[in-house]
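See structure below.
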Protein chains: 2
Amino acid sequence: MSWNRFKKHFLHSADLGFSMDISRMNFPDDFLASMEEPIQKAFSDMEALEKGAIANPDENRMVGHYWLRNPELAPSENLQRAIRQNLEDIKTFAANIHGGHVEGASGPFTNLLLIGIGGSALGPQFVNQALGHPQRDKLALHFFDNTDPDGMQTILAGLNGQLGRTLCIVVSKSGSTAETRNGMLEAQAAYTAAGLDFAKHAVAITGEESQLDRLAVDQGWLKRFPMWDWVGGRTSELAGVGLLPAALQGIDIHALLDGAAAMDRVTRQREAKKNPAALLALMWFYATQGRGEKDMVILPYKDRLMLFSKYLQQLIMESLGKESDLDGKTVNQGIAVYGNKGSTDQHAYIQQLREGVNNFFVTFIEVLRDQEGEPVPVEDGFTSGDFLQGFFLGTRSALHENKRESITLTIKQISPRSIGMLVALYERAVGLYASLININAYHQPGVEAGKKAASSVLKLKKKIIDLLRSSPESLTVDQISEQIGNDSDPELVFKLLEHLAANPQRNIAKTEGNDQFSATYVFSTSAK
Amino acid sequence: MSWNRFKKHFLHSADLGFSMDISRMNFPDDFLASMEEPIQKAFSDMEALEKGAIANPDENRMVGHYWLRNPELAPSENLQRAIRQNLEDIKTFAANIHGGHVEGASGPFTNLLLIGIGGSALGPQFVNQALGHPQRDKLALHFFDNTDPDGMQTILAGLNGQLGRTLCIVVSKSGSTAETRNGMLEAQAAYTAAGLDFAKHAVAITGEESQLDRLAVDQGWLKRFPMWDWVGGRTSELAGVGLLPAALQGIDIHALLDGAAAMDRVTRQREAKKNPAALLALMWFYATQGRGEKDMVILPYKDRLMLFSKYLQQLIMESLGKESDLDGKTVNQGIAVYGNKGSTDQHAYIQQLREGVNNFFVTFIEVLRDQEGEPVPVEDGFTSGDFLQGFFLGTRSALHENKRESITLTIKQISPRSIGMLVALYERAVGLYASLININAYHQPGVEAGKKAASSVLKLKKKIIDLLRSSPESLTVDQISEQIGNDSDPELVFKLLEHLAANPQRNIAKTEGNDQFSATYVFSTSAK
């Protein structure tokens, strides 16, 4: 690398303890100037958003995640008060749990089971791993983030005998997300089986008057915290969704918020070359031609940041992966995101990054502070941390040599403040990039189709079960499809029958036929 | 979907309890016929490989991972005997550990700390999660898979007070992988600090006569197991690397091997349309145009398979991501792989998959058996498992509707046998695909460049430290670069100094200058 190009494109903020280096992105000298008009428009869009404009037009919603760490920016006193009150409530509740003033059936809480999916789990999982410590955490966190019964049973097996000291937080804005509802019911069944009153161990984070909210009131849960329609799931880490589990774990949530607010200050300025969020968005635009032509590989050289790529996968892909732009034009936008951590991933796929298909750009994340306490000398006076940095610098240079581009972010250390900064940086980069490509970053219209299809699948399954229960005869897929008629799709019928037959408790017995599709299925309580 | 197309392209093996559906890949009717000649050549290459040909020409090595589950295929009696003996040794050692005949300083072993990286960790991590159970596992597994000192300290904090019952396995073929060597030294330091003799808790899996092998002999470690040069790291899950931790955890390793052997039998047949590994390779070729033009998204609908995509990321990207083909032509091959698990990922990035940039194909993995024991009814007679399948089928159909292609693999249940099958399926698909695109799947020449660069980085760091230690004056980056001369790159000098200054134990004090690059650095024992 040229030292001059590096110096020219190295942005440092002493206040943040944060640097960004875009010198290894090979954009031409006039690129930034050529993007001046669009990035200024993006800044204006962002200003309007922060002032309470309807930045999510399809859903007719304001987009207010920046207010969470700056309540005075919220466009009404009611909102300001709600944000401050929620923060107070979280702190008070956490203090009550830590002080043993609120406890479980078997004593003070030692575990926390969070039930949520997508934006209601990825942020908490990331922060839990980034800032947790097995000996210092006030509660140990566990997650139900799927509707896999075996997955949940495995988590519950790990909590065996401890449910009476396990606090359970159920997170769902609508209160009707099926995976989360199922998780809650599976947890409830486990508490009940252990002779415990689930309600006395349960907390809801949900929209006011949602199904979950009313259930929590009816059953007398310990506490309810709000989810607001102006905070999207993927930007809810600094709302109650992220702050409550963090506070319960013992993380300094004020430092998380302060870090985000500090990054907001720096990334609000309209001089792009001093604004890391703007530079990030511009580099994405440069690298992918504003059309998602390259994948974004996230490579933090720090174990604690391993889940950051998963967190960003949601934040970026769900925000940017859109069919239509704001003018209704079909654009099929998005940027694919993947990555785990270095130097581990060097032993997994750096081979392809260095030599293979050049369809990506890397974002390295460097953490300067290696560890607490005295390092172990490993070789020639070097520490494990020296090697970690050495591998990062070596790999970056080996990629650069082969014309593979990279951005480098550097933070001084892993702390609640720096984690808050990273979250805020990417939230704003996503918002600015969305303006550059003229899309709504705050809705997710494509998710509905799969949910609707899933719901028809379950309806069909019910018809199949009902038919088999009332049919004395053993039937083939084609016979069942024919009898069900209209709604039926033989392939789906086949898939559903195979699933039923593989689960003995469902009492559907399968008899093999001459070929795969002439097997017959019958209801039989002896199928077990 | 058309029921007829589905039936035509649905491959089922009753023996394996395995199905594969390629009907949602939109290849033209003549595609398979058009690939007949190349796939027959791939079968022949594979036959030669299995017979002991030098299938890794650059490194002049045989490629023998298929022999591990079929020792009688190995091309010499010595090799056959070595494979069988190793398996016996693993079983005997595991029995001794489980029976308490070999124990730690504080009693029978309850924990296992595996130190390895890349192929020496990804397989064991995947299998540990896929087949583990908190109440049934005979040892609880922990991993050092990086040279991040803080990451290692965090694992050790979780093992605090238990090291005297923690068995430590160090895995490195060459015995000189720096990350693993560092991990071993960090672990050793922790055992020593706890007043324990590391050697009495340590096992090596390594190449004969390697640095690690000699160390283990010198220090009198509990046991050494071999790693052979004819088994690559990314195909070592069914060698000692994977089998020893699995056996210690209590997993039926014979079932793992049997599953792989059964899949080998089915995927050895030369009729492509009956061979799932061949069909997989052909679908990759179709989807990516044989040039990595699309990403492979791996979506298992099962929590236990969450690490499979990470395992495949290595297996596929490190095998296929190559600059040159076997004739020395520059081809820049590879397929990018990412994914976690469904339905969780539906709440993360399915938005982009359905609506956004169409640069991927999905591989769904369906598991028919939901769980052990009685399911919890969640709605209308449905179980959490019904919802999981419903979301899988719904999402697959929503993607198909928008012309996003997918392959579906179905296994009856998660078991040692089915995990062995999946490993074998992908090992062979990778090998066949490598033949289709005429590359060596078994070397990793691109990894060396980063390692070499890292080594020069450390050399430069040593020069900087030596210079500062002997210099009474505080120096700038430019001054230090100049004094070091030849080997110096000011950007690297800057990065290394920033790292040293951020770690107080390194005794390098930084004084800020007028700008970011005029700061000065000096050796000072009061820097702490």
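The values are calculated or read from the model by the stated rules, or taken from the named source; none is laboratory data. Bear in mind the structure is a predicted one, so any value in this text is a computation, not a measurement. Quick reminder, even Gly has a Cβ in these numbers, built from the backbone with ideal geometry, and neighbours come from all protein chains shown. Surface accessibility is based on the protein's heavy atoms, side chains included, excluding ligands, DNA and RNA. Shrake-Rupley method; radii C 1.70, N 1.55, O 1.52, S 1.80 Å.
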Which loop GluC sites (Glu not before Pro) in region B:440-528, with loop taken from DSSP, have no more than 16 other Cβ atoms within 10 angstrom of their Cβ?
B:Glu473, B:Glu512
Taking the alpha-carbon centroid of each part, what is the distance from region B:242-263 to region A:40-83 in angstrom?
55 Å
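Send over a whole-number figure in Å² for the accessible area per residue of region B:32-81, probe 1.4 Å. The partial results should precede the final answer.
Values: 2520 Å² over 50 residues.
Per-residue accessible area for region B:32-81 comes out at 50 Å².
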Solvent exposure ordering (accessible area, 1.4 Å, most first) of A:Ile508, B:Ile465:
B:Ile465, A:Ile508
The farthest towards the positive end of the charge dipole of the protein assembly as shown, of the residues A:Gly394, B:Leu279, B:Ala193, given +1 on Cβ of Lys and Arg and -1 on Cβ of Asp and Glu, is B:Ala193
From Cα pairs below 8 angstrom and at least 6 apart in sequence, can you work out the relative contact order of chain A, rounded to a whole percent?
16 percent
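Considering only Cα-Cα distances, which of the following residue pairs are longer than 21 Å: B:Lys341/B:Lys412; A:Lys495/B:Lys310; A:Lys452/B:Lys403; A:Lys294/A:Lys341? Walk me through the intermediate numbers first.
Working: B:Lys341/B:Lys412 17 Å; A:Lys495/B:Lys310 27 Å; A:Lys452/B:Lys403 18 Å; A:Lys294/A:Lys341 19 Å.
Flagged as over cut-off: A:Lys495/B:Lys310.
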Given Cβ point charges of +1 (Lys, Arg) and -1 (Asp, Glu) and nothing else, what value in debye, to the nearest 20, does the dipole of the protein assembly as shown about its Cα centre take?
660 debye
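May I ask for the net charge around A:Arg428, where only other residues with Cβ less than 13 Å from the Cβ of A:Arg428 are counted and Lys, Arg are +1 while Asp, Glu are -1?
Working: positive: A:Arg69, A:Arg265, A:Arg268, A:Arg270; negative: A:Asp45, A:Glu47, A:Glu50, A:Asp264, A:Glu427.
Summing Lys/Arg as +1 and Asp/Glu as -1 gives -1.
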Report the local net charge at A:Ser470: Lys and Arg +1, Asp and Glu -1, summed over other residues whose C-beta lies under 13 Å from its C-beta.
+1
If we count every other residue with Cβ under 9 angstrom of B:Val522's Cβ, Lys/Arg +1 and Asp/Glu -1, where does the sum land?
0
For region A:36-75, report the % of Cα-Cα distances exceeding 14 Å.
49 percent
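Report, in debye and to the nearest 20, how large the dipole of chain A comes out about its Cα centre when Lys and Arg carry +1 and Asp and Glu carry -1 on their Cβ. List each step's numbers first, then the result.
Numbers: 53 positive and 63 negative charges, 123 e Å.
Dipole of chain A, to the nearest 20 debye: 600 debye.
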Label points for A:Ser176 built 7 Å along Cα→Cβ; distances to same position in the other copies, nm, shortest first, come to 6.4
Which three extents, in whole angstrom, do the alpha-carbon atoms of region A:1-86 cover along their principal axes, largest first?
53, 30, 16
Find, among the GluC sites (Glu not before Pro) in region B:336-418, those assigned to loop by DSSP (not H, G, I, E, B) with at most 16 other beta-carbon atoms within 10 angstrom.
B:Glu372
Just to be sure I understand: chains A and B are related by a rotation, so which residue of A has its Cβ closest to that axis, and how close in Å?
A:Tyr338, 2
Can you send over the carbon and sulfur percentage of the accessible area for chain B, probe radius 1.4 Å, protein chains only?
47 percent
Distance between modelled label sites at B:Thr511 and B:Ser524, nm, 7 Å Cα→Cβ extension:
0.7 nm
Taking Rh as the Kirkwood radius computed over C-alpha pairs, what is the Stokes-Einstein D of the protein assembly as shown at 4 °C in a medium of viscosity 1.567 mPa s, expressed in µm² per second?
43 µm²/s
Shape category assigned to region B:263-368 from the gyration tensor of Cα positions, a/c cut at 1.5
oblate
Low-density loop positions, GluC sites (Glu not before Pro), region B:225-303 - DSSP coil, at most 10 other Cβ in 10 Å
B:Glu271
Quick one: plug the Kirkwood hydrodynamic radius of region A:412-528 (C-alpha pairs) into Stokes-Einstein at 25 °C, 0.890 mPa s, and report D in µm²/s.
137 µm²/s
Heavy-atom accessible surface that B and A bury in contact, both chains counted, 1.4 Å, Å² to 100:
12100 Å²
Inter-copy distances for A:Asp478, label 7 Å out on the Cα-Cβ vector, sorted ascending, nm, one decimal, are 8.5
For peptide B:410-419, the mean count of other chain Cβ atoms within 10 Å per residue Cβ is 1
Just the number, please: Stokes-Einstein D of region A:301-427 in µm²/s, Kirkwood Rh from C-alpha pairs, 25 °C, 0.890 mPa s.
148 µm²/s
Could you check what % of the DSSP bridge pairs in the protein assembly as shown are antiparallel, to the nearest 5?
35 percent
With a Förster radius of 60 Å, plug the Cβ-Cβ distance of B:Gln40 and A:Lys403 into 1/(1 + (r/R0)^6) and report the FRET value to the nearest 0.05.
0.95
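Taking every residue in A:22-34, how many Cβ atoms of other protein chains lie within 10 Å of its Cβ, on average?
Values: counts 0, 1, 1, 0, 0, 0, 0, 0, 0, 0, 0, 0, 0.
For peptide A:22-34, the averaged partner shielding equals 0.
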Heads up, I need the accessible area for A:His142: 1.4 angstrom probe, whole protein in place, Å², nearest 10.
50 Å²
Where in chain B are the helices, taken as whole DSSP H runs, whose Cα atoms extend 20 angstrom or more along the long axis and whose Kyte-Doolittle mean reaches at least -1.0?
B:36-50, B:77-98, B:178-193, B:253-267, B:384-401, B:416-436, B:445-470
Could you work out the helix-only [θ] at 222 nm for chain B, with each DSSP H run of four or more residues adding -39,500 (n - 2.57) and the total divided by the number of residues, to the nearest 500 deg cm²/dmol?
-14000 deg cm²/dmol
So what does log10 I(q)/I(0) come out to for chain A at q = 0.06, 0.07 Å⁻¹, using the Debye formula with one equal point on every Cα and no solvent?
-0.35, -0.47
Report the Cα centroid-to-centroid distance between region B:283-346 and region B:19-34 in angstrom, as an integer.
19 Å
Cβ-vector label at 7 Å, B:Pro377, separations to other copies in nm:
7.0
For region A:325-364, what does the accessible surface come to per residue with a 1.4 Å probe? Please give it in Å².
23 Å²
How large are Rg and Dmax for region B:174-274 when only the alpha carbon atoms are used, in Å?
17.6, 61
